[in-house]
Amino acid sequence: MPPASILFVGYREPALRAATRLGLRAFVVDERLPGTGRRKLAAGWGQADLADAGACLAAARAALDGESPARVLAMVERGVVPAALLRQALGVRGTEPAIARICHDKMEMKRALAGAGLPVTDWLEVTPASTVEGLVERLGMPLVLKPRDLSGARGLVIAHTREEAAAALRPGLVAERFIHGVEMSVESFRRGGRTLFASPTRYHVPLWASIVPAPLEAEMLRLVRAFNDRSLAALGIRRGLTHLELYLTAAGPVVGEVAVRPPGGYLMRLMELAYGFDPWEALLRIVVLGEAVRFPEAATRFAGARILHPGPGEVERVEGLAALRARAGVVEAAVRVRRGSRLGPRLGTGQEAGHVIAAGAGWQEVTAILDDAPEALRFRLRSGPE
């Protein structure tokens with residue numbers, strides 16, 4: 001039998017490496033192609049604007065060159081709807097376009113969840129008739145404004161004044177009530193409408209640092225997992241890897257967003273470190289090979305990641321990297337910039353100048369490293385634009 005093939009929509013290098021280890025023939029469609037060396041990881045590549053369904057299909061067929069993929073998987077948020085449309089066009093089973101569109105569009109997602117009786121962040125659609133006063137009267141301050149179809153906090157504005165809200169206001173955004181509570185997520189492996197494994201993540205410093213697993217008491221962990229299952233069932237998500245963002249409030253859990261694709265923010269790496277299994281391989285074994293995966297019952301340690309970004313300016317030098325790498329508990333410390341690099345403002349969680357990954361037996365051990373990281377790894381900047 002020839003090896004099974006898989007089509008990834010969006011480029012995630014660890015997914016390609018996992019496919020290679022499992023003997024799968026991997027193909028990729030994305031908006032940009034990586035360097036020549038990384039292109040060798042896949043059997044074929046297609047380049048297309050992921051917002052253009054026709055271009056995606058043409059690029060996929062050219063890359064596949066006659067092969068029929070066993071599965072089509074979205075690797076990034078912008079690939080969720082294109083992947084569903086490609087499944088439909090190529091006759092591949094998986095999440096349907098209707099479900100993908102609901103999960104990709106924050107307003108449709110909230111409508112579906114609220115319609116199923118789940119608590120969601122209170123929200124309003126921003127229309128040409130919307131005013132700051134009207135939004136604030138309903139939702140209060142601070143006011144959260146975000147695009148309805150982006151991920152990683154791109155375009156997110158938390159307006160603390162009416163002036164800030166007015167500057168960011170435009171039709172098409174989602175306006176939300178600011179939630180006071182613990183921010184976290186749940187990453188789930190699903191098959192046949194059943195959750196096989198669920199891992200809670202604590203947003204130690206929202207938008208900057210996360211720790212796996214979240215330190216939850218047994219009863220709260222049970223409640224969060226049940227809430228996760230209810231949310232996924234309400235959206236009709238039956239298979240694959242999901243990423244539910246939620247808030248733990250005094251009144252109970254509240255849904256923020258749901259994604260039907262692998263999480264970003266190094267969460268896949270953190271799951272691997274905390275639980276001792278490869279989540280990329282687990283996903284492919286379940287979805288592509290149809291294998292039964294034996295998941296660990298609990299984490300054996302905590303693992304955390306801290307994103308580092310000093311703000312806009314020109315990098316003059318970076319200090320402290322060697323000392324940080326030598327610190328006990330640091331698994332990885334990396335710098336993504338060099339002398340002379342120009343940095344703009346950080347517009348989303350995917351933007352970084354560097355990062356630190358740590359692991360340890362205790363929660364406090366890991367949080368201490370993440371909290372110290374911005375001072376331990378210092379980015380010296382020349383003056384830059386505001």
Looking at segment 68-86, is at least one residue surrounded by fewer than 20 Cβ atoms within 10 Å (Cβ to Cβ) and either more than 19 Å from Val287 (Cα to Cα) or among the polar types (S, T, N, Q) (or both)? yes
1 or more residues within 30 Å of Pro3 (Cβ to Cβ) and open to solvent by less than 30 Å² (accessible area, probe 1.4 Å): qualifying helices (runs of 4 or more DSSP H) within segment 273-386: 279-287
Say whether the condition of being within 30 Å of Leu124 (Cβ to Cβ) and at pLDDT 95 or above is met by at least one residue in segment 215-224. yes
Quick one: in segment 107-136, which of the residues that are in a helix (DSSP H, G or I) and within 18 Å of Val157 (Cα to Cα) is most open to solvent (accessible area, probe 1.4 Å)? Glu133
Val212, sole failed condition from (1) among the β-branched types (Val, Ile, Thr); (2) farther than 27 Å from Ala373 by Cβ; (3) open to solvent by less than 50 Å² (accessible area, probe 1.4 Å): (2)
For Ala60, all conditions in the list (1) of a type outside the set (Phe, Trp, Tyr); (2) modelled with pLDDT of 95 or more; (3) touching a Pro at 6+ places or on another chain (Cβ under 7 Å) hold save one; what is the number of the exception? (3)
For segment 87-99: of the residues being not charged (D, E, K, R) and not in a helix (DSSP H, G or I), which is nearest to Glu281 (Cα to Cα)? Gly94
Hits in segment 5-30 - residues which are free of Cβ contacts under 8 Å to residues at least 60 places away in the same chain, surrounded by fewer than 16 Cβ atoms within 10 Å (Cβ to Cβ) and of a type outside the set (S, T, N, Q): Glu13, Gly23
Of the criteria (1) of a type in the set (A, V, I, L, M, F, W, C); (2) under 25 Å from Arg230 (Cβ atoms); (3) within 24 Å of the chain's Cα centre (by Cα), which one Leu145 fails: (2)
Can we say Arg269 is at pLDDT 95 or above, open to solvent by 50 Å² or more (accessible area, probe 1.4 Å), under 26 Å from Pro200 (Cβ atoms) and assigned to a helix (DSSP H, G or I)? yes
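The values are calculated or read from the model by the stated rules, or taken from the named source; none is laboratory data. In this text the structure is predicted, and so the values were computed from the model without any measurement. Glycine gets a Cβ as well: all are built from the backbone with ideal geometry, and neighbour counts include every protein chain shown. These accessible areas exclude ligands, DNA and RNA; they are computed on the full protein's heavy atoms, side chains included. Shrake-Rupley method; radii C 1.70, N 1.55, O 1.52, S 1.80 Å.
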